[in-house]
Every structure is written in structure tokens, then in C-alpha cells.
Amino acid sequence: MHCPFCRNPDSRVIDSRSTEDGAAIRRRRSCPECGKRFTTQENVLLMVAKRSGVTEPFSREKIIAGVRRACQGRPVDEDALAKLGQRVEEAIRGTGIAEIPSNEVGLAILGPLGELDEVAYLRFASVYRSFESLDDFAREIETLRGGQPAGPAPSG
Ligand SMILES: [Zn+2]
């Protein structure tokens, strides 16, 4: 790793320790060229596997950006968005899976978003679940109201 001060390509580790929760290792480094010190952190990356098979690091900012789009014009503030992002990330990390399919990320967003704002939820769900007809919306609204999805009445 380059020295962030002088770009020297080499550095010396002077101290290594786990973070309190054991989820990462921090290394204190010293640059032999300029003598300055800096700290690096090594941790497991939570990866998201897209349908195309490509994986990318999980990004809470990306989640929040997507939800923010769905919340346009709705009474949802940045604080609520940040909290939702945190809930989604905690839920995903809580699964203990290091590589999570992107559709499960979408599912993890829908729950808290439904509690936050129903209109934003419907907008997000319409994109995420590729709604094609009014029936799709009607079914989702039924679910939001706590009822069963609309379907044929049971006979007998
Ligand atoms: Zn340096």
C-alpha cells in the first residue's frame, strides 16, 4: 500500500490489533521514506451478487440513494433514510452470509420501507418486483393493509 503522504510504495507495520468486535484488523504503519505514520484496516467485505453473476461490495449509500428516489415528494427526511439504511445493513449482516443475492437486499429494504412510507414502498416495489399491471399494485396494497393478496374467493 502506498504511503498516503509521499506515495512511497512501501510501508512498515509497527502495530497490529483486532478491533473491539473482532470484525477487523487495524495496522499502524510507518513510511520508511517520509517517516509519517498511518493506519490501515482489514475487514471482510460484504458482497452483493447481482443477477448477472457480477459481485460488488455492499454499499449502504447505494441503498439509501435508491430509497431516496422512491421517497421523492414524500414526507421522509434524511434522518429516516439513514436509519433505514442502517436497519437494512444490520439485517443483511445479521444473516451471516458474506455474499448476498441482490434480490434479498431488495427484500430487506421492503420491510422497513413499508413502515416508513406506503407510497414510497409501492414505488420501490413496482421497480424491484417489475410490476406490469394494476393488479400487481392492488395485490401489493392488500398486503400492505395486512390482508391476504387478492385472489378468487374460496368456493363452498
Ligand atoms: Zn511517506
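We did not get these values from a lab; they are worked out from the coordinates using the rules stated. Computed from a predicted structure; not experimentally measured. With ideal geometry, Cβ positions are generated from the backbone for all residues, glycine too; neighbour counts draw on all protein chains shown.
Quick notes
- Per-residue HN-Hα couplings for the range 97-103 [Karplus 6.51, -1.76, 1.60; θ = phi - 60°; Hz; x = Gly/Pro]: 9, 7, 9, 10, x, 4, 5
- Cysteine residues of the chain whose Cβ has no partner cysteine Cβ closer than 4.7 Å: 71.
- Per-q log10 I(q)/I(0), the range 40-126, q = 0.14, 0.16, 0.20, 0.21 Å⁻¹ (Debye; single scatterer per alpha-carbon; no solvent): -0.48, -0.62, -0.91, -0.98
- Segment residue 107-residue 14, length gained on full extension (0.36 nm per residue, minus Cα span): 29.1 nm
- Cα gyration tensor, the range 44-87 - rounded (a/c under 1.5), prolate or oblate: oblate
- Listed residues 66, 94, 114, most fluctuating in the chain (Gaussian network, C-alpha, under 10 Å): 94
- Its residue count N sets the reference 2.2 N^0.38 Å, and the alpha-carbon radius of gyration of the chain equals 1.48 times that reference.
- Note that the range 58-66 has calculated 3J(HN,Hα) couplings of 4, 10, 5, 4, 5, 4, 5, 4, x Hz, one per residue in order, obtained from phi through the Karplus relation 6.51 cos²θ - 1.76 cosθ + 1.60 (θ = phi - 60°); glycine and proline are x.
- Each residue of the range 78-92 is assigned a 3J(HN,Hα), and the resulting list reads 4, 5, 5, 5, 4, 5, 4, x, 5, 4, 5, 5, 4, 4, 6 Hz, derived from the Karplus form 6.51 cos²θ - 1.76 cosθ + 1.60 (θ = phi - 60°), x at Gly and Pro.
- When GluC sites (Glu not before Pro) are flagged only if DSSP places them in a loop and at most 10 other Cβ atoms lie within 10 Å, the longest unflagged stretch of the chain comes out as 21-131.
- To the nearest ten degrees, helix 134-144 and the longest principal axis of the Cα atoms of the chain are 70 degrees apart.
- Folded to 0 to 90 degrees: helix 118-128 orientation relative to the chain principal axis, Cα: 80 degrees
- Between residue 115 and residue 30, the modelled labels are 5.0 nm apart [label points 7 Å from Cα along Cα→Cβ].
- Using 0.36 nm per residue and subtracting the Cα-Cα separation, the extra length available between residue 79 and residue 59 on full extension is 5.5 nm.
- Loop trypsin sites (Lys or Arg not before Pro), the range 51-156 (other Cβ atoms within 10 Å of the site Cβ: 16 or fewer; DSSP): 51, 129, 145
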